[in-house]
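Structure first, commentary second.
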Amino acid sequence: MIETADGSKTLYLPELDETYHSTHGAVTESNYVYIEKGLDFWFSMYPNRKRVSVFEMGLGTGTNALLAMNWCESKGCDLKFYTVEKFPLSSALMREYWDSLPSQSITKTPLDVVGSMTLSMGLATKSDALHSAPWETWVDIGLKSGSFSVYKHESDIQSAVIPQEIDVVFWDAFGPKKQDGVWGVSLFKPLFDSMRSGGVFVTYSASGDVKRALKEVGFKVEKLEGPPHKRHMLRALKV
Ligand SMILES: C[S@@+](CC[C@H](N)C(=O)[O-])C[C@H]1O[C@@H](n2cnc3c(N)ncnc32)[C@H](O)[C@@H]1O
């Protein structure tokens, strides 16, 4: 477990020499790539839609799921969050991870004001609910407003069951240079087919190969400015 530049934590995997998030700010990166460029963007196109269905590749620490929960609470909408994970982290490790988060210190840079606001909204409690929820079934997680149900699917992404009518995809796999078989046409095609038209796919990666694979399956791809210390990220639309 290591502290990142905005005060939030990430995990380091020595066997891949890879972290779960950017060391320049884990929450800042997740918030920027998946919430601002994903959910907020989707909502800007469909402000009257009160139901949204999210697919995530890689639950990991649950950072994206927890930020999505707070987003859902702030909008008062119904969010269905389906996530695939091959190597679930233990509830005990996740309790330590989220309990040790010094939310008051997530204010080191101006960008992190967003992270600090969202973190103050009880992520540790929500994390317990998320990580202790059973796998392979829909579980409702109580919020002050709106509703959030999560389906945690323990599977390799290569053989995962993909749900229908996805609105927003969070593709948060380890980097294409670090791990084989978690990016590419064979994975993106079934996902594209399962998305609603107008759906949005976001990832922190700006790799040329990823961009080409997304285009090949039919997405309209844009390269956006990346989170701090990263030049670009990708957003793809099913038009
Ligand atoms: C970059 S981490 C991101 C995790 C998460 N979104 C978070 O915020 O902590 C990538 C995640 O993908 C998972 N993963 C790696 N290989 C996988 C595979 N073949 N199928 C499904 N999940 C995989 C890892 O265990 C890890 O949790």
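The values are calculated or read from the model by the stated rules, or taken from the named source; none is laboratory data. These numbers were taken from a predicted model, which means no experiment stands behind them. Every residue, glycine as well, gets a Cβ built from its backbone with ideal geometry; the counts of neighbours run over all protein chains shown.
Values for this structure:
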{"quantity": "Among the candidates GLY181, GLY175, GLY208, GLY199, residue that is more than 15 Å from the ligand (Cβ to nearest atom), farther than 17 Å from LYS37 by Cα and not charged (D, E, K, R)", "calculated": "GLY208"}
{"quantity": "Residue count, segment 222-236 (criterion: surrounded by 16 or more Cβ atoms within 10 Å (Cβ to Cβ) and either without any contact (Cβ under 8 Å) to a residue 12 or more places away in the chain or not in a strand (DSSP E or B) (or both))", "calculated": "3"}
{"quantity": "Qualifying positions in segment 36-61 - surrounded by fewer than 21 Cβ atoms within 10 Å (Cβ to Cβ) and part of a helix (DSSP H, G or I)", "calculated": "GLU36, ASP40, PHE41, TRP42, PHE43, SER44, MET45"}
{"quantity": "Pairs with Cβ under 8 Å, 6+ apart, first in segment 65-93 and closer than 15 Å to LEU11 by Cα and within 11 Å of the ligand (Cβ to nearest atom), second at pLDDT 95 or above and hydroxyl-bearing (Ser, Thr, Tyr)", "calculated": "LEU89/THR61"}
{"quantity": "Every residue from segment 12-31 that is near the ligand (Cβ under 8 Å from one of its atoms), closer than 15 Å to SER205 by Cβ and crowded, with 24+ Cβ neighbours inside 10 Å", "calculated": "HIS21, SER30"}
{"quantity": "For TYR34: the one exception among (1) within 12 Å of the ligand (Cβ to nearest atom); (2) touching a Ser or Thr at 6+ places or on another chain (Cβ under 6 Å); (3) within 19 Å of HIS232 (Cβ to Cβ); (4) of a type in the set (Ser, Thr, Tyr)", "calculated": "(2)"}
{"quantity": "Exclusive hit being basic (Lys, Arg), farther than 17 Å from ASP167 by Cα, surrounded by fewer than 23 Cβ atoms within 10 Å (Cβ to Cβ) and at pLDDT below 95, set LYS75, LYS9", "calculated": "LYS9"}
